[in-house]
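Where a number appears in this text, it was derived from the coordinates with a stated rule and is not lab data. Every value quoted in this text rests on a predicted model; they were computed, and no experiment measured them. All Cβ positions, glycine included, derive from the backbone under ideal geometry; neighbour counts span all protein chains shown.
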Amino acid sequence: MSKNSIKEKNIIGFTINGQAVEAEEGWTVLETARYNGFHIPTLCYHEAIEPSGACRLCVVEVREGDWSKVVISCMYPVKEGIEILTDSPRVHNVRRWVLEMLLAECPASKEIQALAAEYGVSSSRFASVDKENQCMLCGLCVRVCNEIVGVNAISFASRGTSKEIATPYKVPSTACVACGSCVTVCPTGAMQARLDQVRGDISQRTGHGHAH
Amino acid sequence: MKEQAETIDEILDRYPGEPRYLISLLQDIQAEHGYISREAMTLVCGHTGVPLSRAWAASTFYKSFSVEPRGEHTIKVCLGTACHLKGGTRLAEGLERELGVKSGCTTKDLRFSLDTVNCLGACALAPVVVLDEEYLPNTNSKKVKQSIKRLDAE
Amino acid sequence: MTQQSTAEKLDQSRLNSTQDLLSLTESIRGRRDEKRPVIIVCHGTGCLANGSPNVAEALRQAIKEAGIAAKVVPQIKTTGCHGFCSRGPLVIMQPAGIFYQRVQPDDAQEIIQATLVEGRPVERLLYEDTKTGERIIHDYEIPFYKHQQRIVLKNIGKIDPTDIYDTIGAGGYLALAKVLSRMSPADVVSAIETSGLRGRGGAGFPTGRKWASAVAASKKRPGPVYVVVNGDEGDPGAFMDRTVMEGDPHAVLEGLIIGAYAVGSNQGFMYVRAEYPLAIKHLNIAIEQARELGLLGKNILGSGFDFDVEIARGAGAFVCGESTALFTSIEGRAGEPRPKYIRSVEEGLWGRPTVLNNVETWANVPLIIERGADWYKNIGVPHSTGTKVFSLVGKIANVGLVEVPMGIPLNRLIEEIGGGTPGAGRFKAVQTGGPSGGCLPYELGDVPVDFDSLTKAGSMMGSGGMIVMDEHDCVVDVARYFLRFLEEESCGKCLPCRLGLKAMLEFLNRFARGEGSLEDLAELENLAKAVQDGSLCALGGSAPNPVLTTIRYFRDEYEAHIKEKRCPAGVCKDLISYIIDPEKCTGCGACARSCPQGCITGEKKKPHNLDPAQCIRCGMCLDSCKFSAVVVR
């Protein structure tokens, strides 16, 4: 490809695991990798929703000359000449620990067990607080409710290890339209069990004051 | 908490109705009323145009907000590094036993709230406890207990 | 405002030109009576808590009673922190410069009678040199002050921070006048670049380069540019920014206005943590006074430059010291950080180019402008220019705030200025850089304290907290302390931080109980690397530093816990026991009354016994014993 045509289309060339790839300016590394058939695991990523960079499973190592850094591919913008490694030792180290910790955090999630098994993690040495828990706080439900549905019925509450998905004052939200989008995007099946706590008893609704 | 709290409406009047004043408003309500009630939060959201869920996220994220009524008096135990090295953690544990509540909680009679705080920047006074507004410098369990008893008798 | 400013209240309306400001400075200086006695009473947080307002009141009363002639009424001036917090309340008698320490209200009469009436110092209130035992009269002769180079702190402790005229008399806003009358914005950026100033908040990014990037970004995307003061000083054990905001708020404000002029900003924010109410109060007063004089607002000093500033109060979240979380908080939301693949100098507050610098950085700006970039860059060492303010806390004799040139060796700072560790021993370790920094051992005492040397040693400059530890402090406990701190302060958004800190803590808790294996220690290091690499922001990214440095420098102490089930420092609860030394116990019964378990028994006036089986090692007996008879084994 000549230099001129690169400029016209704003095509960016770089490598993933040593293989040359091309992307349009503004793409992320994850988009380019998936477009070219490279597998990178994700949990908090969804094509229709703005990425947030919470789960960190999609980490890759980016190298530029002597400089190297572990970044999240779902948000890292492509750049001419960079080298991306999707499974370097550093990347592998982050992923295996995240998965082992997730096994303890969400012991009831079949999806997480399957993903962990894929990376050779079958058990966790860390303590589980709640044996029934499936939610890993990826926030897809919150983001879909805010960005796509636009009703802002749920949000994160508290912070750190107390962080949770909740409705204001932990009572069913009158803003919820019971659309079920949160259940659809949930990667671990956690939202299914909680939907009733969010929407409450639909039959009691008057139909006013939902979306705004 | 102030004796004669301003009404929520009076507090709302202090700031323009823009989302960025959410935190300032919650801070003023916390200071005047001691906590942020559901009614107050709903009014703040109406004023600033912020969804209730976002105000809930903010008021549970920041440590200085409470969404439940707090005690008449607040006991803050500093757990900055200097205070930790000089026995701050021991002080906090002692107060938890004395008051029968975990830190971050309020006694059943709503007399005292016990909090730990990550460094007040008063490291020369370590270990330091703040009772309402009063600093107790270079303190120990015995002195704090006496001060609490004095407050309780008032 | 103080008596002086009310008495001398200049009927000053708005300053309409830089010449107006220079005239005001001259007139304030001209009115000063150099011979008039001034009694300075420190009103920094430390002295306030030790009762300095009562001391000031007692001095006022004593002056009245002594009936000192009306012509030379001594002025009582309340100022910001003098730094020597462990000796408070501090009183300094000017113009003679006599330094009194640990002053109580009862001392007031004697101070007035002896010093003002009879002209001699009160011996017993003078500082006594810890090594020679000699009484020292003047503050500048005390080792704590003698080895400092106070340029950022030069006004603190001398001026009344609530009085803009006092600041202007001390040269405040002269740098702004210079900028507005003689320098282009590009000149200012280039001066800051030449000075070599690096950010005092953590990573030490070159300030001039940051400003230049903001200018470039705003050229690409026209629209508002913001300048922001990061006053969310959250590192436990650090209080230099609080002291500057409380003691010389106009220095921060002046630096911010100059920065705004340089990068073309018309709106600034000061983000100050909620735990610092006095700083917020003094900044608010400063802003109001500056606005009245036309140093803020429209057409500053008649230059045509508009700039104003708003204070945003933090609400109790350490993570908001991180730039993107700080912006989110100013925007009115929960302070969760976002990835910085686009730098905040390009997309910061409301997505606009934003210059964020911490308090001390901004306070350096007027100095560089006024005295020149070349003067500044000759202080310190080549890649870390200027001075740095440190807070010396923990097991150190002179707890307080000091300002020294960059590059000073660590042990000079601790031994000469800080007076070393109290008691017989030497210091064991120093934690620099707060929870994101590292723990350096005594053996690294000759490390120069500058950005790059500290980083090379596995620690960092951070905001300048120096926590000194002695042999009674356990490094496993310290590592646990910082992890617990960060676990509590983690926003919880990304998994390596939310779950990783908890998981690291599980490893350390095991070691503190004498459990675990050497393989676990190696695995902890791997996990620490995963948390460093995988975390979203610098809170998680730097959280493993205290763990990694303590393992690197104190591996035998970890191994003692794991292999020998022993805590050499006598801290880790599961590995120690309390006993009562029958030689020292007087049988006063204080320990028995304080024990929540009721496990201390004995007859009055006879040595008591402690039942180790019931003891929960809460330490209440240790606190209550006046005879050091409770011993940790």
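Considering region B:92-125, and only residues there that are within 7 Å of another protein chain (Cβ to nearest Cβ), part of a loop (DSSP other than H, G, I, E, B) and aliphatic (A, V, I, L, M), the residue that is farthest from C:ALA317 (Cα to Cα) turns out to be B:ALA122. The number of residues in region C:462-479 being within 10 Å of another protein chain (Cβ to nearest Cβ) and either in a helix (DSSP H, G or I) or of a type in the set (Ser, Thr, Tyr) (or both) comes to 2. For region C:616-633, the tally of residues that are surrounded by 17 or more Cβ atoms within 10 Å (Cβ to Cβ) and within 14 Å of another protein chain (Cβ to nearest Cβ) stands at 10. Summed over region C:21-46, residues that are under 17 Å from C:ILE98 (Cβ atoms) and surrounded by 21 or more Cβ atoms within 10 Å (Cβ to Cβ) total 4. Among the residues of region B:62-86, those identified as at the interface with chain C (Cβ under 7 Å from one of its Cβ atoms) and not hydroxyl-bearing (Ser, Thr, Tyr) are B:LYS63, B:PHE65, B:GLY80, B:ALA82, B:HIS84, B:LEU85.
For region C:378-399, filtering for residues that are within 14 Å of chain B (Cβ to nearest Cβ), of a type in the set (Val, Ile, Thr) and outside any strand (DSSP E or B) leaves 2.
Being touching a helix residue (DSSP H, G or I) at 6+ places or on another chain (Cβ under 6 Å) and among the hydrophobic types (A, V, I, L, M, F, W, C) is the filter; apply it to region B:79-90 and report the residue that is nearest to C:ALA569 (Cα to Cα). My answer is B:ALA82.
Checking each residue in region C:493-535 for being in contact with a Leu (Cβ under 7 Å, 6 or more places away or on another chain) and away from every other protein chain (no Cβ under 11 Å) picks out C:LEU508, C:GLY514.
The rows are residues; the columns are (1) out of contact with any strand residue (DSSP E or B) (no Cβ under 9 Å at 6 or more places or on another chain); (2) within 13 Å of chain B (Cβ to nearest Cβ); (3) under 21 Å from B:GLY121 (Cβ atoms); (4) surrounded by 24 or more Cβ atoms within 10 Å (Cβ to Cβ).
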| site | (1), (2), (3), (4) |
| --- | --- |
| C:VAL228 | no, no, yes, yes |
| C:ARG242 | no, yes, yes, yes |
| C:GLU246 | yes, yes, yes, yes |
| C:VAL252 | no, no, yes, yes |
| C:ALA260 | no, no, no, yes |
| C:GLY264 | yes, no, no, no |
| C:ARG273 | no, yes, yes, yes |
| C:ALA279 | no, yes, yes, yes |
| C:HIS282 | yes, no, yes, no |
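Of the residues that make up region C:143-159, is at least one more than 28 Å from C:LEU413 (Cβ to Cβ) and either in contact with a Gly (Cβ under 8 Å, 6 or more places away or on another chain) or of a type in the set (A, V, I, L, M, F, W, C) (or both)? Looking for residues that are more than 28 Å from C:LEU413 (Cβ to Cβ) and either in contact with a Gly (Cβ under 8 Å, 6 or more places away or on another chain) or of a type in the set (A, V, I, L, M, F, W, C) (or both), one finds none in region C:143-159, hence no.
Looking at the structure I just gave you, is B:SER59 at the interface with chain C (Cβ under 10 Å from one of its Cβ atoms), under 17 Å from the mean Cα position of the chain (by Cα) and more than 25 Å from A:THR161 (Cβ to Cβ)? Judged against the criteria, B:SER59 is not a match. Residues in region B:31-44 that are crowded, with 20+ Cβ neighbours inside 10 Å and either outside any helix (DSSP H, G or I) or at the interface with another protein chain (Cβ under 9 Å from one of its Cβ atoms) (or both): B:GLY34, B:ILE36, B:MET41.
Taken over region C:325-339, the criterion of being more than 10 Å from chain B (Cβ to nearest Cβ), surrounded by 23 or more Cβ atoms within 10 Å (Cβ to Cβ) and not aliphatic (A, V, I, L, M) is satisfied by C:PHE327, C:PRO337. Take the conditions more than 14 Å from chain B (Cβ to nearest Cβ) and closer than 26 Å to C:LEU527 by Cβ and apply them to A:ALA178. Does it pass? Here the answer is no, as A:ALA178 does not meet what is asked.
Select, from A:GLY53, A:GLY13, A:GLY18, the only residue that is surrounded by fewer than 16 Cβ atoms within 10 Å (Cβ to Cβ) and on the phi > 0 side of the Ramachandran plot.
A:GLY18
B:LYS143 satisfies every condition listed in (1) facing chain C (nearest Cβ under 10 Å); (2) crowded, with 21+ Cβ neighbours inside 10 Å; (3) touching a strand residue (DSSP E or B) at 6+ places or on another chain (Cβ under 9 Å) except (2).
Scanning region C:562-586 for residues that are surrounded by 16 or more Cβ atoms within 10 Å (Cβ to Cβ) and farther than 29 Å from C:PHE511 by Cα gives a single hit, C:CYS585.
Selection of region A:84-118 for residues being touching a strand residue (DSSP E or B) at 6+ places or on another chain (Cβ under 7 Å), away from every other protein chain (no Cβ under 13 Å) and surrounded by fewer than 22 Cβ atoms within 10 Å (Cβ to Cβ) yields only A:THR86.
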